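A.B. asks: Structure provided below as structure tokens; questions to follow.
Just so it is clear, none of the values below were taken in a lab; they were calculated from the coordinates. Please read these numbers as outputs of a predicted model, since none were measured by experiment. Cβ sites come from the backbone with ideal geometry, for glycine too, and all protein chains shown count toward neighbours.
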Amino acid sequence: MLIASYFMHYFTDWNTIGSSSNPCLDTFHGTSPFSENESSAIRDFLSPKGNTTVGFFTIHSYSQLIMSPYAYQKSKPVDVEDHLRVMSKGTQAIRRATEEAFAYGSISKVLTQVGGGSPDWAYDALGIKYAFAIEMRDKGNFGFLLPQDQIEPANRETWMALEAMLLEMAKEYI
């Protein structure tokens, strides 16, 4: 079975930088934007809601990062200060819960420049102000095959980050 990277499978600057047309690589971007059932289902669900959606999170492994737009370009989005504030709350919550350090910032700054990223699509195309990607543990020792004894801590870290970030985002709307 071939699976496209769902992170790089969205319309915003799809197939321009940082992905592959080789279906055997984990950076395969699919045959077209939204050609995979999962990404088209997300598009079909979120598109009618547009910017009434407060937040968008895509969760992956691995690297211990919390990231915001942009991936496809190095310029900063208009909401960069709000993104940094919210991501900081997430990393602080993880540090308190498990003493693990997560870096944060724009995808193109802390990871790599890549086209077709779902946070960029959610932010640019749908107008969702808070669009984030969380890369769970670890930092590369085990890669995508996290040992069983690290699954629960990884889940706890993710939950703590999501809770802290959502509470920080809610302050703007309550």
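A.B. asks: Quick one: if you stick a label point 7 Å off each Cα along the C-beta vector at residue 172 and residue 156, how many nm between them?
C.D. replies: Here the answer is 3.0 nm between the modelled labels.
A.B. asks: Let me ask something additional. Please compute the modelled spin-label separation between residue 97 and residue 84, points set 7 Å along Cα→Cβ, answer in nm with one decimal.
C.D. replies: 2.5 nm
A.B. asks: Report, ordered by chain and residue number, the lysines lying within cross-link reach of residue 76, taken as a straight Cα distance under 22 Å and ignoring same-chain residues fewer than 8 apart.
C.D. replies: Within the straight-line cut-off, residue 76 pairs with 89, 109, 129.
A.B. asks: With every atom except the alpha carbons ignored, what do you get for Rg and Dmax of the range 52-170, in angstroms?
C.D. replies: Both quantities, over Cα of the range 52-170: 13.6, 40 Å.
A.B. asks: OK, next. Work from the charge dipole of the range 52-170 (Cβ charges, +1 for Lys and Arg, -1 for Asp and Glu, about the Cα centre) and give the residue of 155, 65, 136 farthest towards its positive end.
C.D. replies: 65
A.B. asks: Where in the range 96-120 is the amide nitrogen less than 12 Å from a point lying 7 Å along the Cα-to-Cβ axis of residue 35?
C.D. replies: Backbone N within reach: none found.
A.B. asks: Considering amide H positions built from the backbone, and no H for Pro or chain starts, which residues 5 or more places from residue 57, or on another chain, come under 5 Å of its amide H?
C.D. replies: 132
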